[in-house]
1. Indicate the gyration tensor shape class of chain A (rounded, prolate or oblate), computed on the Cα atoms with a ≥ b ≥ c the square roots of the eigenvalues: a/c under 1.5 is rounded; otherwise a/b larger than b/c is prolate and the rest oblate.
2. What's the angle, to the nearest 10 degrees (0 to 90), between helix B:107-137's Cα axis and the longest principal axis of chain B?
3. At B:VAL67 and B:LEU148, where each label point lies 7 Å from the Cα along Cα→Cβ, what is the point-to-point distance in nanometres?
4. In nm, to one decimal, how far is the B:VAL221 label point from the A:ARG214 one, both placed 7 Å along Cα→Cβ?
5. With a 10 Å Cβ neighbour count serving as the proxy for reagent exposure, in which order, fewest first, do A:LEU65, B:LEU100, B:LEU51 appear?
6. Using modelled backbone amide H atoms (1.01 Å from N, in-plane), which distant-in-sequence or interchain residues come within less than 5 Å of A:PHE29's amide H?
7. Report ³J(HN,Hα) in whole Hz for each residue of the stretch A:10-20, in order, from the Karplus equation J = 6.51 cos²θ - 1.76 cosθ + 1.60 where θ = phi - 60°; Gly and Pro get x.
8. What is the set of long-range amide H partners of A:LEU120 at a cut-off below 5 Å, with H atoms built 1.01 Å from backbone N?
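Only the coordinates and a few stated rules stand behind these numbers; no lab work does. All figures in this text were calculated on a predicted structure; none of them were measured in a lab. Ideal geometry is used to build each Cβ from the backbone, glycine not excepted, and the neighbour counts take in all protein chains shown.
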Amino acid sequence: MIEVKKLVKRFGLKTVLRGVDFQVQPGEFVALLGPNGAGKTTFLRILASLSRPSLGSVDIAGYSLPKQAAAVRARLGVVSHLPLLYPDLTAEENLTFYARMYGIQNADARITEVLEMVGLEQRRKDLVRTFSRGMQQRLAIGRAVLHDPDVMLFDEPYTGLDQDASSMLDGVLQTVAGQGRTVVMTSHDLARAEDLATRFDILSRGVIAASSTREGLGKNNLLTFYKQALAG
Amino acid sequence: MAEGTLTTTHRPAKSSFWKAIAAVAWKDLAAELRSRELLSAMLVFSLLVILIFNFALELDITTRRSVTSGVLWTTFAFAGTIGLNRSMAIEKDRGCLDGLLLAPVDRSAIYFGKVISNLAFMLIVEAIVLPVYSVLYNINLFQPGLLLVILLGSIGYTAVGTLLASMAVQTRTRDVLLPILLFPVVVPILIAAVKASGGYLTNARMDEILPWLNLLIAYDVIFTAIAFMVFDYVVEE
């Protein structure tokens, strides 16, 4: 579903990604872990077609970036730590706007379906500025799945959420992933990543330093695997 | 929590180009209708400027006619900068610009949608400023020719301004950077607009006004075409 080969990204003289190779099979939930500055967000922005690779190839769902970016974007849902929502529009108006941008047919029915999925049906007429951070993040997931994407990218989705909101987001994430989607999530929260993901990739100094499936961890927990990968 | 079922289809990007333009413009207008933060800032600034000029320039009726176009376009240009800056800052501050760029549409649709909404905000401010100016300065500004010049000047100004605002918004010094980038580029539009407006206000002959009108139209077309071609590169990292 996702195939990245020898990806390099430079910002001026600074090289952030130094030849990343990364493959994800359909239906996999990959947690991309790593310290601050490892290049996780840059990597996800390239997958989301928000940033151009300096070198290397990126294919998503059979389409190549950046040449077929529009086709990739139609199959991609992105959630970041910012909600990408307009505070002066209601939840329904925000989703209506994105439904128009994605050319979704039967938008009203789909919006109702998505609002029910993220548990915000009762608040559909309320302005987003009145929502808590957790509710905004749930609506952000609703926005991202509105066009029924095959691939979901989550960039630190738990940032700024309290314990209750994080637990609720766990449920929404499991629902989204449970619908057969391919998911890539960056996170600093190893415990959450261990609960949700089926594979763990460690990005360090601009390359994938280690990769393991849940079964491949064996007796080690994710923290041990993570520390070993960074030390090596 | 209900399981979402797969009821939608992926739409080809090209088919929703016009709908995307309309969606971006609708979204900006609907949000502004609620918050009124952009329009009120532009309007307060514009009214203060013409009020200050009214007290600063105690002129006879003939001189008033000759300085009116300059005062008006100074007011519109600076008020426009406030609007353009705010319009893009709203997108950037909450990451909404990324949300727009993630949509599977030609990115020029986003540009044209923003131009339409920015133009609408500028025209609303102008529609309020003109009658106030007419009363304060005792000059009739409601002449079809003058209104056409204001429309053409505003189109050119917002076409360039929207492009440069999307460039400036990526920087930390966006509030300072936009006027520095914008004013040198829009000088031809402002000069043509001031000259053409002045021509109508002083009842100049049409053959004196026409070259400035033609220049305005030419710049509107050229700047819109350039912005259409480069917008994708401006907003992508």
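1. Since a/c reaches 1.5 and a/b is larger than b/c, the shape of chain A is classed as prolate.
2. Roughly 30 degrees between the two axes.
3. 2.9
4. Between B:VAL221 and A:ARG214, the label points sit 6.3 nm apart.
5. Working: A:LEU65 21, B:LEU100 24, B:LEU51 13.
Exposure proxy ranking, most exposed first: B:LEU51, A:LEU65, B:LEU100.
6. Residues meeting the amide H criterion: A:VAL183, A:THR198, A:ARG199.
7. Values per residue, Gly and Pro as x: 10, 10, x, 8, 8, 9, 8, 10, 10, x, 7 Hz.
8. HN-HN under 5 Å from A:LEU120: empty list.
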